[in-house]
1. Within segment 412-420, identify whether any single residue is under 24 Å from residue 249 (Cα atoms), in contact with a helix residue (DSSP H, G or I) (Cβ under 6 Å, 6 or more places away or on another chain) and part of a loop (DSSP other than H, G, I, E, B), and answer yes or no.
2. Within segment 282-396, considering only helices (runs of 4 or more DSSP H) that don't extend past its boundaries, which have at least 3 residues that are surrounded by fewer than 22 Cβ atoms within 10 Å (Cβ to Cβ) and touching a residue at least 12 places away in the same chain (Cβ under 8 Å)?
3. Would it be correct to say that residue 215 is without any contact (Cβ under 8 Å) to a residue 40 or more places away in the chain and in a strand (DSSP E or B)?
4. Starting from segment 232-248, keep only residues that are assigned by TED's automatic domain parsing to the domain that holds residue 414 and assigned to a loop (DSSP other than H, G, I, E, B), then list their pairs with residues that are among the basic types (Lys, Arg) and surrounded by 13 or more Cβ atoms within 10 Å (Cβ to Cβ) whose Cβ atoms are within a distance under 9 Å, requiring at least 6 positions of separation or different chains.
5. Scan segment 174-202 residue by residue and report those that are in a loop (DSSP other than H, G, I, E, B) and surrounded by 14 or more Cβ atoms within 10 Å (Cβ to Cβ).
6. Could you give every pair whose Cβ atoms fall below 6 Å, whose first residue belongs to segment 463-488 and is under 11 Å from residue 451 (Cβ atoms) and among the small types (Gly, Ala, Ser), and whose second residue is in a helix (DSSP H, G or I) and at pLDDT 85 or above, counting only separations of at least 6 or pairs across chains?
7. Taking the stated definitions as given, is residue 198 out of contact with any helix residue (DSSP H, G or I) (no Cβ under 7 Å at 6 or more places or on another chain) and either closer than 25 Å to residue 138 by Cβ or of a type in the set (D, E, K, R) (or both)?
8. Just for segment 127-173: of the residues that are among the charged types (D, E, K, R) and in a loop (DSSP other than H, G, I, E, B), which one is surrounded by the most Cβ atoms within 10 Å (Cβ to Cβ)?
Amino acid sequence: MSSQNLENQPAEAQPTYTEGQPEQVEGQYAEGQAEGEVYAEGQPTDGDTAPYVEGQPAEGEVVYEDSNADPNAVPADSAAEAAPVEEVSEPTSEEPPPEEKKKHFSLNFPAGMKEKTDTKADIAIEDEDFRLFDEIIQDAVNTNCADLHLKEDAPIHFRISRGLRDRDFPIPTRRWMDKIIRMMIPPHQIPDLEKDREADFSYQNPKYGRFRVSAFSACGKWALAMRYIKSNIPNAKQLGISPLCLTLAEAERGLVLLAGITGSGKSTTMGAMVQHLNVSYRKHIITIEDPVEFIFPDDQCVIEQREVGIDTMSFQRALKSALREDPDVVLVGEMRDQISIQAAVRAADTGTMVLSTVHTTAASTVPGRLLDFYPMEERESVRKSISDVLRGAIAQRMCPKIGGGMVPAQEIMIGTPLVRQKIFDGELNKLHACIEVSKDDGMVTFNQCMYDLVENGVITKEVAFEKCSNKQQLAMWFQGIKLSSGIV
């Protein structure tokens, strides 16, 4: 505490500083902090001026010098040690309480907390702009980053353990962003980028691996979203996915779909399924992706990977050609329109195994999501075709594990005669009940999966309630009450 005399200062205006506070306050980057600089909890806030430094008056603080002070008076520091320290009240802040932070764990790394791992500049790269980009990529790999976010005139952010964190790199300029984008993008896509102001492509870095890149314009400024694709394809056990996923991938023909929101791990699970076939079966596999993510070296299978925009102009043309290329398995990156769905259903109907993804939140809603792409007058015939070829649907939701890391919670619907009959009859609203009563067939709902993960000590109850489909049912299960699902 400063030794300056503040005894004539009004009590309510006198600032209180607590010794021993950590140098870095949440939300404030404190690198280069002067020795002796101390922050009270919650400081600095918006509108604060220079931080308090011991031995210097804060801005606006009045310092009184008492020329008649008793020379034998006890110094202020000693008086402070002798007197009981009044407990500092909690500062008012917009931050959620600690229990809320446990629920929204990404808030543990708020904007402003800049970090950087030990990265070394590659002096072999002569261009300074490319050398800086190499350091950013190196830092992303060292921190096990999932996504990189770069945009003009803004700090660089990494998504680590599903939370965004600022990184301590120079702010990208327009010249730098334009140069980096043109270095990564395939030459034939540059005219489309300049015309449409957005482009998706894959970028292969010789040292660090592959990235799925989306370059786009926001408020007239360039931005980049880069997804890091790990070169080592994890197996099902490492991922924590159900062995039933691999069983579905082994089917001779039919359609297997993975569902979930963006970032739910659909591509990774599908990659594990393809790799399982690659090491266990002798098959011809063709992938059609935009862009290509995991690279599968031929093991037991013969695998050809085609990227939309480089190897083919569209999903539709590639699917049509694939039927003439003697495939056993066709992987389609995403069901994104009526034409691609129709082509995939036709391929499955002709005896090919088709793997793909679709954006929906539950396995039971997958057939309805496919029908949404069609006009009403065509849905009946399409629904009957889907009932014939659907072998399974797997929906995923990523959950934070106890102790760190993520685990996928999966809802699995298998194309049993009961499920296919409900789809054929148009009773799509009964598919969830079919899953609930078909546990013996291997099917599982999100609620059942969450319950099992909690019982096995993988996730907390709070996470289970946040990610489940029916909170009331799950609460009853934890109380030991299980009711019949009723008639399907």
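1. yes
2. 338-349, 366-371, 376-389
3. yes
4. Partner pairs satisfying both residue conditions: 240/401.
5. 185, 186
6. If the second residue must be in a helix (DSSP H, G or I) and at pLDDT 85 or above, the pairs left are 464/450; 464/454.
7. When the stated conditions are applied, residue 198 passes them.
8. So the residue we want is 152.
The values are calculated or read from the model by the stated rules, or taken from the named source; none is laboratory data. Please read these numbers as outputs of a predicted model, since none were measured by experiment. Positions of Cβ are generated from backbone atoms using ideal geometry, with glycine treated the same way; all protein chains shown enter the neighbour counts.
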